[in-house]
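Heads up: the structure comes next, in structure tokens.
The values are calculated or read from the model by the stated rules, or taken from the named source; none is laboratory data. As the structure is a prediction and not an experimental result, all values here were calculated from the model. Cβ atoms come from the backbone with ideal geometry, glycine included; neighbour counts cover every protein chain shown. Heavy atoms of the whole protein, side chains included, go into the accessibility calculation; ligands, DNA and RNA do not. Shrake-Rupley method; radii C 1.70, N 1.55, O 1.52, S 1.80 Å.
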Amino acid sequence: MVLPDTQSFAADVSSPPASWQIKLLYDGACPLCVREVNFLKKRDAGRGLVAFVDIADDQYSAEANGGVDFETAMGRIHAVLPDGTVIQNVEVFRQVYEILGMGWIYAVTKWPVVGPLVDWIYEIWADWRLALTGRPDLATIVTERQQRLCQTEGRCQLKD
């Protein structure tokens, strides 16, 4: 169990929290993820429609982000809706792009044949994302994070 840090959560939100329509949880240590987020931030144009939360930040808090813990968030892309609903995988992109007025880009993924194919391709991408970007495997990243947080912030994982 990770002892929670309820004081803060990592978010890059320049507008009041009530204005966002979706909270996108992204890996700020992934160069491809950061590239996509930078594109989306430009499209958001300071409107605050999307709250961008960097899960790689040591201040990331699952409690402040729909209960999505670091390891789960690293495995697949997630987002949280204002009512607390957590969505994941390609559905995140569909909704973010729709909110930003670019829903046409992912519209084809709603089609009966195309949607499942795109979802399947995303699953493959998510499984290989870390290796393809030259990073250690998920278990190593989680272990290194736990060790770092334990040493720097006293947020240690307790063994049962």
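Okay, here's what the table says:
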{"read-out": "Accessible surface, the range 82-146, averaged per residue in Å² (probe 1.4 Å)", "value": "60 Å²"}
{"read-out": "Interchain or long-range residues, amide H under 5 Å from ALA51's placed H", "value": "GLN21, ILE22, LYS23, LEU24"}
{"read-out": "Within the accessible area of the range 74-160 (1.4 Å probe), percent carbon and sulfur", "value": "61 percent"}
{"read-out": "Calculated FRET efficiency for the pair ILE124/GLN59, C-beta based, R₀ 35 Å, to 0.05", "value": "0.65"}
{"read-out": "Cβ-placed point charges (K, R +1; D, E -1), dipole of the range 80-160 about Cα centre in debye, nearest 20", "value": "220 debye"}
{"read-out": "Estimated inter-spin distance, PHE39 and GLU71, nm [label 7 Å along Cα→Cβ]", "value": "3.2 nm"}
{"read-out": "In Hz, Karplus ³J(HN,Hα) per residue of the range 84-97 (6.51, -1.76, 1.60; θ = phi - 60°; x = Gly, Pro)", "value": "x, 5, 9, 10, 8, 6, 4, 4, 4, 5, 4, 6, 4, 5"}
{"read-out": "Base-10 log of normalised Debye intensity for the range 53-160 (one unit scatterer per alpha-carbon) at q = 0.11, 0.14 Å⁻¹", "value": "-0.44, -0.69"}
{"read-out": "Projected label distance in nm at VAL113 and THR133, using a 7 Å step from Cα toward the beta-carbon", "value": "3.3 nm"}
{"read-out": "Distant-in-sequence amide H partners of ASP57 (H built 1.01 Å from N, under 5 Å)", "value": "GLY28"}
